[in-house]
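I have placed the structure first, in the form of structure tokens, so that the comments after it can refer back to it.
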Amino acid sequence: MLSYTVNTFHCVLTNNALLPAYKGSTFRGAFGVALKKVSCAVRNKVCADCLLSARCIYALIFEPTSWQHNLSRTATPTHPYIIEPDTSHQTHYSIGALFCFNVVLFGDHIHSIPYFIYAVQIMGETGIGSKKGGGRAQFTLREVTGADGSQIYGSASNRTFPSSQTLTLKTPQVNSVQTGKLSVSLKTPLRLKSDNKLTDKLPFQEFIRACLRQVAAFHTAYGDGDPPLDYRSIVADAAVVKSIESSLHWHDWKRYSNRQQHAMLFGGLLGNISFVGKIGQLMQIIDQARVTHIGKQVTFGLGQFSYVWEPESE
């Protein structure tokens, strides 16, 4: 079983702002800087060489290592959070404008939400986005709500509240075979590699392989371990599922890397695609992948999708 929470941050801009069309990378970069500022006890030190990294919130969240999760030394654990920005492409905001974004936390890190709240407060004071047009976008955090709508944090009291909004993903199972139509809508750019190259196609076999990879990674690192699934058989059976009605297209977007100190292109697939075939037995895996996202750079919110499943009537 894998526990997770969906935390919605409600913010109010305190100046006019210019933000990128896709905001996930901006939020993630600014959040990392703020979290290190509020949690790191040893400044200017590489986390891997720090004696405190096993207990440091920043190291555990931003630079998790294999030994912290009982993985092989060659395995790289996935990060325990996903930032889901507003998917609108709005770039110009006026003072007083509201904006929201989600932070999804997994495993024991659901209890780290006060650190996330404090870091977002620091983000608001420092500002995010471009310096063009007068400076970075500054904001105040009004409240944080859970998936059930309950208030987790309120600025009026400046304290957190207990919430019953913890959700769980059970160990996925492959159920009885059922034929039907699966319609998938890619909400944010999907970056998948095939033969070690980014691909602009999405056959069902690649889609289900990406779902399996991500779901297994989260269960292994933050749940009860690697799900006991016959991965080879599932991927092999997926090869006969056909794709129809595709409107997928490649979308390029640019982000600036503070670590590498230059702009980078991060393109991916967007649009809709439908599949038909024996898919019903895989719906638990697909539904969980909807929570974890799929592909590369999911911490930015990439690889987010929704779906509609229409089983064939008997």
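Just so you know, all these numbers are worked out from the coordinates, no wet-lab data involved. Quantities reported herein were computed from a predicted structural model and do not represent experimental measurements. All Cβ positions, even for glycine, are placed from backbone atoms using ideal geometry, and neighbour counts span all protein chains on display.
Remarks
- Under-5 Å amide H pairs with ASN7, H placed in peptide plane, nonlocal only: VAL103, VAL104, LEU105
- On Cα atoms only, tilt of 113-126 relative to the major axis of the chain in degrees: 60
- Förster radius 22 Å - calculated FRET efficiency between VAL308 and VAL177 (Cβ-Cβ, nearest 0.05): 0.70
- In the chain, the longest principal axis of the Cα atoms and the axis of helix 204-222 are about 50 degrees apart.
- Computed [θ] at 222 nm, deg cm²/dmol, the chain (DSSP H ≥ 4; -39,500 (n - 2.57); rounded to nearest 500): -7000 deg cm²/dmol
- Taken along the Cα-to-beta-carbon direction at a fixed 7 Å, the label points for ALA21 and ASP226 span 4.1 nm.
- In this structure, the pairs whose alpha-carbon distance is over 27 Å, taken from LYS170/LYS197; LYS170/LYS296; LYS193/LYS278, are LYS170/LYS197.
- In this structure, the amide hydrogen of TYR153, modeled 1.01 Å from its nitrogen in the peptide plane, lies closer than 5 angstrom to those of VAL144, PHE161, counting only residues at least 5 positions away or on a different chain.
- Dipole magnitude of the chain, debye to nearest 20 (Cβ charges: Lys/Arg +1, Asp/Glu -1, about Cα centre): 1200
- Positive-pole candidate from GLY295, ALA216, TYR231, dipole of region 172-311, charges at beta carbon: GLY295
- Degrees, to the nearest 10: 24-39 long Cα axis against longest axis of the chain: 50
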